[in-house]
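Q: This is the structure I have questions about; it appears just below.
The values are calculated or read from the model by the stated rules, or taken from the named source; none is laboratory data. Since we're looking at a predicted model, the values are computed, not measured. Heads up, the Cβs are rebuilt from the backbone with ideal geometry, glycines too, and the neighbour counts pull from every protein chain shown. For the accessible areas, the whole protein counts, side chains as well, though only heavy atoms, and no ligand, DNA or RNA atoms are used. Shrake-Rupley method; radii C 1.70, N 1.55, O 1.52, S 1.80 Å.
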Amino acid sequence: MKRAKEFRRQAWNSIRGKWGTLVITYLVYLVIFGCVGALSVIPSLGAVLGSIVTLIITGPFSLGLSIISLNIVRGDNVTVNNLFVGFKRFLDAFLANLINGILIALWSLLFIIPGIIKGYSYSMTYYILADNPSMTANDARKKSMDIMRGNKWRLFCLQISFIGWLLLCVLTLGILTLWISPYIQTATAAFYEDISAPLKANYDNMVENENIAEDT
């Protein structure tokens with residue numbers, strides 16, 4: 001069973017040669033959300049408009065970032081345009097964000113902790129959507145719950161292991177975020193690859209057995 005430092009090492013090695021593209025990609029991402037946030041300065045309806053736009057675009061962009069990080073871990077090419085790929089599956093990505101957000105909020109009403117736990121349960125939703133183009137948002141959420149069963153603490157430990165880097169982000173007034181965010185996202189993608197591998201293997205074996213049965 002891999003530990004946090006192994007996922008970090010895998011992510012770091014995978015990102016080599018791609019830092020420039022990733023920094024530009026995350027800069028574009030932050031600028032877009034910064035502009036959306038700036039809508040709040042508009043009198044009267046600014047805050048409402050900003051919230052609506054954020055709700056609309058968060059899912060597709062989250063899917064795009066997940067696709068990018070999976071491409072990195074798998075050694076595929078990455079471009080800034082990949083950030084917008086999630087909009088090709090706008091409805092699934094939007095619903096994933098909406099459903100997860102509502103359920104986490106409802107669970108959080110039970111003294112916060114259940115909401116945090118559910119957040120970890122649903123954390124692989126976008127990676128699953130990225131790997132399964134025909135899967136619905138709700139099915140991806142349920143599959144995330146399946147593969148995260150027994151793995152929530154491992155993901156928590158992985159995230160906590162970045163605490164030193166996150167403190168450096170504060171000391172650099174957030175500038176280092178452009179490097180640390182893709183590092184964390186890629187390490188999470190490596191984590192997803194690890195915990196989803198047994199299910200993929202079982203599925204491949206099932207398909208192979210079905211094909212053999214059909215041939216006989």
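Q: What tally of residues in segment 103-127 results from selecting those that are more than 20 Å from Gln185 (Cα to Cα) and open to solvent by less than 40 Å² (accessible area, probe 1.4 Å)?
A: Taking segment 103-127 as the starting set, the residues that turn out to be more than 20 Å from Gln185 (Cα to Cα) are 103-115.
Now restrict to residues that are open to solvent by less than 40 Å² (accessible area, probe 1.4 Å): 108, 114-115.
Total meeting the criteria: 3.
Q: Filter segment 123-154 for residues that are of a type in the set (A, V, I, L, M, F, W, C) and closer than 20 Å to Thr58 by Cβ and give the result.
A: From segment 123-154, those of a type in the set (A, V, I, L, M, F, W, C) are 124, 128-130, 135, 137, 140, 145, 147-148, 153; that's our starting set.
Answer for segment 123-154, where residues must be of a type in the set (A, V, I, L, M, F, W, C) and closer than 20 Å to Thr58 by Cβ: Met124, Ile128, Leu129, Ala130, Met135, Ala137, Ala140.
Q: Give the residues of segment 48-73 that are of a type outside the set (Ser, Thr, Tyr), free of Cβ contacts under 8 Å to residues at least 40 places away in the same chain and either open to solvent by 60 Å² or more (accessible area, probe 1.4 Å) or outside any helix (DSSP H, G or I) (or both), sorted by residue number.
A: Val48, Leu49, Ile52, Ile56
Q: For the subset of segment 1-50 comprising residues that are of a type in the set (Ser, Thr, Tyr) and at pLDDT 90 or above, which member is farthest from Gly86 (Cα to Cα)? Write out each step before concluding.
A: So the first thing to find is which residues in segment 1-50 are of a type in the set (Ser, Thr, Tyr), and the list is 14, 21, 25-26, 29, 40, 44.
Keeping just the survivors that are at pLDDT 90 or above gives 14, 21, 25-26, 29.
Working: Ser14: 22, Thr21: 18, Thr25: 14, Tyr26: 15, Tyr29: 13 Å.
Here the answer is Ser14.
Q: Restrict the check to segment 104-115 and report whether at least one residue is closer than 17 Å to Leu65 by Cβ, assigned to a helix (DSSP H, G or I) and small (Gly, Ala, Ser). Write out each step before concluding.
A: Going residue by residue through segment 104-115, those that are closer than 17 Å to Leu65 by Cβ are none.
No, there is no match, as no residue in segment 104-115 is closer than 17 Å to Leu65 by Cβ, assigned to a helix (DSSP H, G or I) and small (Gly, Ala, Ser).
Q: Taking the options Phe94, Phe90, name whichever one is over 17 Å from Asp131 (Cβ atoms) and open to solvent by less than 50 Å² (accessible area, probe 1.4 Å).
A: Details: Phe90 fails: open to solvent by less than 50 Å² (accessible area, probe 1.4 Å).
The match here is Phe94.
Q: Looking at (1) in contact (Cβ under 8 Å) with a residue 24 or more places away in the chain; (2) in a helix (DSSP H, G or I), which is the only condition Val78 fails?
A: Failed condition: (2).
Q: Shifting gears a bit: Please name all residue pairs, on different chains or six or more residues apart, with Cβ atoms under 8 Å, provided the first residue is in segment 106-124 and is among the basic types (Lys, Arg) and the second residue is surrounded by 14 or more Cβ atoms within 10 Å (Cβ to Cβ).
A: As it stands, the answer is Lys118/Leu103; Lys118/Ile104; Lys118/Trp107, since those pairs meet every condition given.
Q: For segment 33-46, what are the residues that are more than 16 Å from Phe61 (Cβ to Cβ), open to solvent by 60 Å² or more (accessible area, probe 1.4 Å) and part of a helix (DSSP H, G or I)?
A: Ser40, Val41
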